[in-house]
1. Taking the range B:16-84, which GluC sites (Glu not before Pro) meet the DSSP loop condition and have no more than 13 other C-beta atoms within 10 Å?
2. Taking the Cα centre of the protein assembly as shown as the origin and placing charges on Cβ (Lys, Arg +1; Asp, Glu -1), which of B:Ile407, A:Ala9, A:Pro40 is farthest toward the positive end of the dipole?
3. How many percent of the alpha carbon pairs in the range A:1-65 exceed a separation of 21 Å?
4. For the range B:88-196, state the average projected area of the convex hull of the C-alpha atoms over all orientations, rounded to one decimal in nm².
5. Given N residues in the range A:123-243, what is its alpha carbon radius of gyration divided by 2.2 N^0.38 Å?
6. Counting only protein heavy atoms and a 1.4 Å probe, tell me what percentage of the range A:3-238's accessible area is made up of carbon and sulfur.
7. So, with +1 on the Cβ of K and R and -1 on the Cβ of D and E, and no other charges, what is the size of the charge dipole of the protein assembly as shown about its Cα centre, to the nearest 20 debye?
8. How crowded by other chains is B:61-68, given as the mean number of beta carbons from other chains within 10 Å of each beta carbon?
Amino acid sequence: MPTVLLLGATSDISVAIAKEFGAHGYSLQLAARNTEHLLPIQSDLQIRYNVDCTIHAFDALNYDSHQSFFNSLSVKPDVTVCVFGVMYEEEDAWNDWKLTHRMIDTNYTGAVSILNIVAKYYSAQKKGTIVGISSVAGERGRQSKLIYGSAKAAFSAYLAGLRNKLFKDNVHVVSVKPGFVYTKMTEELPLPKPLTAQPEEVAKAVFKAVEKKKNTIYTKWMWKYIMMIIKNVPEPVFKKMNI
Amino acid sequence: MKKEIANWGNYPVIESDEKSFSYTDELDKLVAQPKSYIARGNGRCYGDASLADNTISTLKYDKVLSFDTEKGLLEVQSGITLDQVLDIIVPKGWFLPVTPGTKYITVGGAIASDVHGKNHHVDGAFSHHVIEMDVLLASGETLTCSPTENTDLFEATCGGMGLTGVIERVIFDLKKIETSFIKQKQVKAENLEEILQLFDTYAHYTYSVAWIDCLKKGKNFGRSILILGEHAKKEDLDDKQKNDPLQLPKKKQITFPFNLPSWVLNTFTVKAFNFLYYGKNFKKEINNVVSYEPFFYPLDAILHWNRGYGKPGFIQYQFVLPLQAKQGLIDILNRISDEGIGSFLAVLKVFGKQESLISFPTEGYTLALDIPVRKGLFEFLDELDQIVLKYGGRLYMSKDARMKPEILKAGYPHLDRFKAIIKKFNPDFKFRSHQSDRLLLTKEKDSKVNGTAVVLPKMEAAVK
Ligand SMILES: Cc1cc2nc3c(=O)[nH]c(=O)nc-3n(C[C@H](O)[C@H](O)[C@H](O)COP(=O)(O)OP(=O)(O)OC[C@H]3O[C@@H](n4cnc5c(N)ncnc54)[C@H](O)[C@@H]3O)c2cc1C
Ligand SMILES: NC(=O)c1ccc[n+]([C@@H]2O[C@H](COP(=O)([O-])OP(=O)(O)OC[C@H]3O[C@@H](n4cnc5c(N)ncnc54)[C@H](OP(=O)(O)O)[C@@H]3O)[C@@H](O)[C@H]2O)c1
């Protein structure tokens, strides 16, 4: 059975993705900085789906540890899903360089650091799939998502470039661009119900995208069209909008 | 974030700041806030038991911690729902020891309401199967309790409506099954006398419940259908079923899209009843082998059927009367049919003996019926309460949205001890709900505790 590695495995979206892959018989590797939190998730996945499930310590910001983290995986994953990310209040980040820096480093630098390592391995093996959970916030820069959006934009550009670079080596890269999702990250935000996905919907879409080798997916699907409209607003108009 | 929430009856609707957590230490941090809370499972109680200004949703705290497939013991976090539990245990040859009429409730909710199933007379209520559990107390401490350890906490948590603290980890026992099918028997009864007789006749059946037509008068007063069942053995199955004896039912669900006027649902349920009752093929008795799903959860096939009662919502009125109080049952059914309040069907069950501090089940007849909220309803129910009390009965807190504190007091003989235990573990009423305030379990009469007065939505507002 194939194995999937989840980076940021304590997140709500990751838990849902792990269940979806587990339900399809995949072995699971859960990586997160808080391994204590992974224990109940591990037993849950093992019991529900009768699959192997292992726990690994991983901190996206500890770049130096990334190579040894990957080396330590005794079974190398067939699919790697990069889920971790942070979204701080933009107002706080504006006023505190440390927060800005951490938001960029987690969403972009940390992701590039670990995925470069995974990508090199997959290239050499001439197989493998990388999934990156980016965001529609990266589609166009705007004030209310100034730093988060720009970091996700960088991450999206990285994923697209990686897809291009690895194509010749038979390695597939999926860019996932969720709109709103009901998770811890957004618990305090009033989200519009028709536009907001449950983590399980995202997970199903991710699994399908991996199986069908899709390049970029939006969840929910209408976000593709919403972003198309937003991207097409002329800049002279867009810059005046309170968005 | 503040949002409008309501439980299954859609009455009352309140604004609540609902928080959730995935990990035990996140819960600890939440409860350490200087606020009062009530735990909320899947909101399947009908009234205001899991409603409060601040609620803690347990739904993300839903992990399975261990499953002993030899002994049939399951260890879970309290927010897991019974439908998920079934998916895990049934293929391994185990079943829930007790299940209510919906599988969309959490294990925490099953304990806090000490829910009963169609097998109460044989297997008792849910808490009877709890081996041990952890409860997070107002002090921030987590205590393990069981029938032999911290017994006061255990008995006040079973049926205690979340007032001792938040149930975290639970170990409960399961029932061994050979197949996932139920050998079902349906028997028609012409009237109330006959159905009560039939309950006696079939007392040896593990599962039994009856649907009563509340509107019939005269010689067909109380006509009903008794539904009985046993877990099927392999030899009971047909060839197709035998291929996969422990199969899970197919997941098919239709969602009730929006609030409809109540006659829609009533017409639907009455049609369904009449179809069964008068259906050409319906002899006095039908025997068949069915999946556990339609047997235990006939209503779950339609997600959100409660919306069928429309915007004002509805009340489920459920009481239990001692076995010798048959006359009480007759009086109440008479009052209901006289009043023509629109509840056509009621569910009747016989409870076996149960000794407990604050749980609802106690030996006798229990009747549950859905009634749409409208003007005059609460006065009418106050009248029914008096009949219930007169015959020595009580009401089910998990279904309640309106009973007066006196009614609770009169129905539950150990209420004072329950209150004393709440005082011990929840001294400042950190855990409190609309219901517990209304029933004066976490509030003195007419006084404001912690500055929060509970204002129940006015009936007039509700029916507009
Ligand atoms: C269609 C239908 C059929 C039903 N049939 C039956 C039946 O046959 N028998 C029966 O007994 N009941 C029945 N019920 C009622 C239902 O089983 C109970 O109300 C149950 O408690 C609901 O559980 P919940 O998870 O939805 O919790 P909620 O409704 O959210 O909460 C119920 C109570 O449990 C408390 N609670 C929940 N989780 C915790 C926790 N972790 N720690 C502490 N307290 C907690 C809440 O504070 C509240 O007091 C039925 C309900 C429906 C909608
Ligand atoms: N929710 C939405 O609406 C939405 C929309 C679009 C995109 N997304 C993206 O979806 C992904 C998952 O987020 P979520 O919504 O599921 O929220 P979440 O539950 O808050 O998950 C965020 C995860 O990132 C992890 N993380 C943060 N910093 C880390 C670090 N230095 N090292 C390792 N892990 C770290 C967190 O781990 P800890 O548990 O240790 O804190 C947590 O598991 C994120 O990339 C997010 O940007 C979310």
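The values are calculated or read from the model by the stated rules, or taken from the named source; none is laboratory data. If you're wondering where the values come from, they're calculated on a predicted model, not measured in any experiment. Cβ atoms come from the backbone with ideal geometry, glycine included; neighbour counts cover every protein chain shown. The area values use the complete protein model at the heavy-atom level, side chains included, leaving out ligands, DNA and RNA. Shrake-Rupley method; radii C 1.70, N 1.55, O 1.52, S 1.80 Å.
1. Loop-located and lightly packed - B:Glu70.
2. The Cα lying farthest towards the positive end belongs to A:Ala9.
3. Counting every Cα pair in the range A:1-65, those more than 21 Å apart make up 16 percent.
4. Computing the convex hull of the Cα atoms and averaging its projections yields 9.0 nm².
5. Ratio of Cα Rg to 2.2 N^0.38 Å: 1.14.
6. That fraction is 56 percent.
7. 2500
8. Shielding by partners across B:61-68 averages 4.
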